[in-house]
Amino acid sequence: MSSGKRIVVSGLVLLLCGTAIGALAQADSVVPESVQASAETAIEQILTFIDSASTYLGQGVIYVLNLIAGEGRVSASLEKPIGYLAFITLILLLFGLLDFARRIIWIGIIVGWVLLIVRIILDALNL
């Protein structure tokens, strides 16, 4: 990505973040209550979707890991962490973030997967 495109994309991201922060900073908004309530339910629906998708992804990954490692070797308590990591990994793969952000996110994802693999191994060995 050329530096001109990076500057434009960075400027747009900063503009969007600034607008969102400015909107959130207004305590006494002039938005009608019906609009405010629908916005809150929309946010709740988005968060519920993310949670549901992560849960299903986690169940799928645990199912595959149990097929490989043997039934019951991977703890079901890892469903949410594995699901959220898988969800973030899919987002990263689908959208192909900017180069500088991609490196930082990959580091976080790699560390998260390594820690989960270590926990799975410790659970499998009953340590």
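Taking (1) under 15 Å from the mean Cα position of the chain (by Cα); (2) surrounded by 11 or more Cβ atoms within 10 Å (Cβ to Cβ) in turn, L93 satisfies each apart from (2). Each residue in the range 106-121 was checked for being within 13 Å of the chain's Cα centre (by Cα) and of a type in the set (V, I, T), and 1 of them qualify.
One residue alone among L116, L122, L93 is of a type in the set (A, V, I, L, M, F, W, C), free of Cβ contacts under 8 Å to residues at least 60 places away in the same chain and closer than 17 Å to Y63 by Cβ, and that residue is L116.
When the residues of the range 74-127 are narrowed to those that are of a type in the set (S, T, N, Q) and in a helix (DSSP H, G or I), which ends up modelled with the highest pLDDT? Steps first, please.
Restricting attention to the range 74-127, the residues satisfying the condition of being of a type in the set (S, T, N, Q) are 75, 77, 89, 126.
Filter once more, so that each one left must be in a helix (DSSP H, G or I): 77, 89.
Values: S77: 84, T89: 87.
Result: T89.
Of all residues assigned to the range 63-71, none qualifies as being under 14 Å from the mean Cα position of the chain (by Cα) and of a type in the set (A, V, I, L, M).
Checking each residue in the range 72-90 for being farther than 15 Å from G58 by Cβ and surrounded by fewer than 15 Cβ atoms within 10 Å (Cβ to Cβ) picks out only G72.
Among the residues of the range 43-73, none is identified as at positive phi and at pLDDT 85 or above. Candidates in the range 44-62 are the residues that are without any contact (Cβ under 8 Å) to a residue 12 or more places away in the chain and under 15 Å from the mean Cα position of the chain (by Cα); of these, the one that is nearest to I88 (Cα to Cα) is D51.
The values are calculated or read from the model by the stated rules, or taken from the named source; none is laboratory data. This is a predicted model, so every value here is computed, not measured. All Cβ positions, even for glycine, are placed from backbone atoms using ideal geometry, and neighbour counts span all protein chains on display.
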